[in-house]
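The values are calculated or read from the model by the stated rules, or taken from the named source; none is laboratory data. Fair warning: this is a prediction, and the values are worked out from it, not measured in the lab. Cβ atoms come from the backbone with ideal geometry, glycine included; neighbour counts cover every protein chain shown. Calculation scope for accessible area: heavy atoms of the full protein, side chains included, ligands and nucleic acids excluded. Shrake-Rupley method; radii C 1.70, N 1.55, O 1.52, S 1.80 Å.
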Amino acid sequence: MKKILITLGEPAGIGPDLGVLLSENYLDKSTIIIADPLLLEESAKQVKKKIRLNVLDNINSNLISGKGCINILPIKLNTKNTPGKLNPKNASYVIKTIQLAAELCKQGFAGGMVTGPISKSVLNRGGFKISGHTEFLADLCDCKSVMMLMNKKMKVALHTTHVPLEDISRHITKKAIRETVLIVNHDMKVKFKIKKPKILITGLNPHAGEDGMLGKHESKILAPTVRKLNTEGVLIDGPVPADTAFLKKNISEYDVILTMFHDQGLPVIKFDNFKTTVNITLGLPIVRVSVDHGTALDLAGTGKVDISSFVESIKIAKKISNAQT
């Protein structure tokens, strides 16, 4: 069983509470949390749970399991944490937890990493100009990445992620679309063991351009790229209008639906089954799965949080990493 590293994200959010609550039933000898031990001890007191911390000297230290047991690789907070109150002084702490998890995965000491929710705004205020986990991990691994959300019903990949709407069209090029599709196609085969992935791609414009009346991205860029990929053995159809891409017949027929931008695809899957939807970064040389929710500062320290997405993230990370050769 390969090790799974867990980062809890923003310390002022619900991440620490999630770590404590997970320890009741969902952590074992294969799971290691990277965090400040004191952070989890204080969270346990606030949510009135008993935990037992196994503070590791390194990733090869002896691991334990059992109700309330947490294996933890320690990284100290920069300053005292207050639940619900963001503090830019702890931004580098958050970054260090992610960097350590990614590096240990890259070196082969762990099979994958699961990430808790971060606050992009406080990280930027703390001096780290990142737009999200997806882009940050791509930089760490020196590769192009693709965000994909999935649940038991569907998989939705995004060509662009945290890009302002006004800038999206300049990212719709034949080269860029081709790179995204090839990443999706590759990881469907390697990480999800789908021998011949079927991909459906949406258009950028309403009605997929309506034969050029509502935009020409589809006829001049997307359609020719799809045809070229088909000649190379990639099973991809489209571009189709985004408003009909998610009909039941398409969800059943295709392994993944590739949309052009963040809010074109994510509202659909989040509406369908938000609690058990997870975020997977495709294109990385490592396995990274994340919860699909935010820091929920208003719930920090209350214990009134839903752990479903985190539980599902750990399950998916284990499944993918243990299937890797």
- Item | Residues of segment 1-26 satisfying the condition of being surrounded by fewer than 24 Cβ atoms within 10 Å (Cβ to Cβ) and polar (S, T, N, Q) | 25
- Consider residue 276 carefully, then state whether it is modelled with pLDDT under 95, touching a helix residue (DSSP H, G or I) at 6+ places or on another chain (Cβ under 7 Å) and among the hydroxyl-bearing types (Ser, Thr, Tyr). yes
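Is one or more of the residues making up segment 60-71 among the β-branched types (Val, Ile, Thr) and open to solvent by less than 40 Å² (accessible area, probe 1.4 Å)?
Checked against the condition, which is being among the β-branched types (Val, Ile, Thr) and open to solvent by less than 40 Å² (accessible area, probe 1.4 Å), segment 60-71 yields at least one hit.
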- Message: Restricting to segment 164-190, name every residue that is within 19 Å of residue 280 (Cβ to Cβ) and either of a type outside the set (D, E, K, R) or modelled with pLDDT under 95 (or both).
- Response: 180, 181, 182, 183, 184, 185, 186, 188, 190
